[in-house]
Amino acid sequence: MSQQIRKERVAIYPGSFDPVTLGHMDIIHRAAKQFDRLIVAVLNNLSKNPLFSVEERADLLRQATADLPNVEVDSFRDLLVNYLRQKDAQVIVRGIRTVTDFEYELQNASINQSLNPDAETIFMMTNPKYSYLSSSVVKELAHFGGNVSDFVTPEVEQAMRRKFSALADDNGQQHK
């Protein structure tokens, strides 16, 4: 009896991750259990003004996922469906916090499916304790000196402090 060779199950979790939050990390940990390999792909979103460069975001993600051997961090500047083909991945993972997120992600999943019929999207509901959390909220809170330690890893918190301190210095403002 011949053994059938199983294809490696590869998923991509794309996002801007500016910065990566504990909500993102929850999805990463849970998705990593479902696939042989999970590629966390940092995208350069042209419609956003990022706090961190793509390289900085990827580095922070590598630090945050160092304990997950099947998680790889990468970046891309192409259509997601093209990147999916390039990485020989079968699945796109998306986190859903609200109905609004679902509507937006459903539209994207439909477009991706029309561009690449093999592109499957899996929606993962965010842990309820992170349902209000977004990178934008964390950045705004940190910008005004708020405590973000319950929302990001210690490495991200330190990187945000350094970034906002440098921005304050560049603007000739005092900081804490």
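For every residue, the table says whether it meets (1) in contact (Cβ under 8 Å) with a residue 60 or more places away in the chain; (2) under 18 Å from Val138 (Cα atoms); (3) touching a strand residue (DSSP E or B) at 6+ places or on another chain (Cβ under 8 Å); (4) assigned to a loop (DSSP other than H, G, I, E, B).
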{"site": "Pro14", "(1), (2), (3), (4)": "yes, no, yes, no"}
{"site": "Leu51", "(1), (2), (3), (4)": "yes, yes, no, yes"}
{"site": "Leu61", "(1), (2), (3), (4)": "no, yes, yes, no"}
{"site": "Asp67", "(1), (2), (3), (4)": "no, no, no, yes"}
{"site": "Val73", "(1), (2), (3), (4)": "no, no, yes, no"}
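The selection criterion, being free of Cβ contacts under 8 Å to residues at least 60 places away in the same chain and over 17 Å from the mean Cα position of the chain (by Cα), holds for Ser114.
Any chance you could count how many residues in the stretch 42-74 are of a type in the set (D, E, K, R) and farther than 16 Å from Glu155 by Cα? So the count comes out to 3. Selection of first residues in the stretch 82-97 that are within 10 Å of Ala119 (Cα to Cα) and of second residues that are outside any loop (DSSP other than H, G, I, E, B) and among the hydroxyl-bearing types (Ser, Thr, Tyr), restricted to Cβ pairs under 7 Å at least 6 apart or on distinct chains, gives the following pairs, ordered by first then second residue: Ile92/Thr121.
Scanning the stretch 93-127 for residues that are under 18 Å from Val20 (Cβ atoms) and either β-branched (Val, Ile, Thr) or at pLDDT 95 or above (or both) yields Val93, Arg94, Gly95, Ile96, Met124, Thr126.
Quick check: is even one residue across the stretch 88-102 part of a helix (DSSP H, G or I) and not β-branched (Val, Ile, Thr)? Yes, there is a match, as at least one residue in the stretch 88-102 is part of a helix (DSSP H, G or I) and not β-branched (Val, Ile, Thr).
In this structure, does Val40 turn out to be of a type in the set (Val, Ile, Thr), surrounded by 14 or more Cβ atoms within 10 Å (Cβ to Cβ) and in contact with a His (Cβ under 9 Å, 6 or more places away or on another chain)?
Details: of a type in the set (Val, Ile, Thr): yes; surrounded by 14 or more Cβ atoms within 10 Å (Cβ to Cβ): yes; in contact with a His (Cβ under 9 Å, 6 or more places away or on another chain): yes.
Answer is yes for this residue.
The values are calculated or read from the model by the stated rules, or taken from the named source; none is laboratory data. Because the structure is predicted, anything quoted here is derived from the model rather than measured. Positions of Cβ are backbone-derived with ideal geometry, glycine not excepted, and every protein chain shown enters the neighbour counts.
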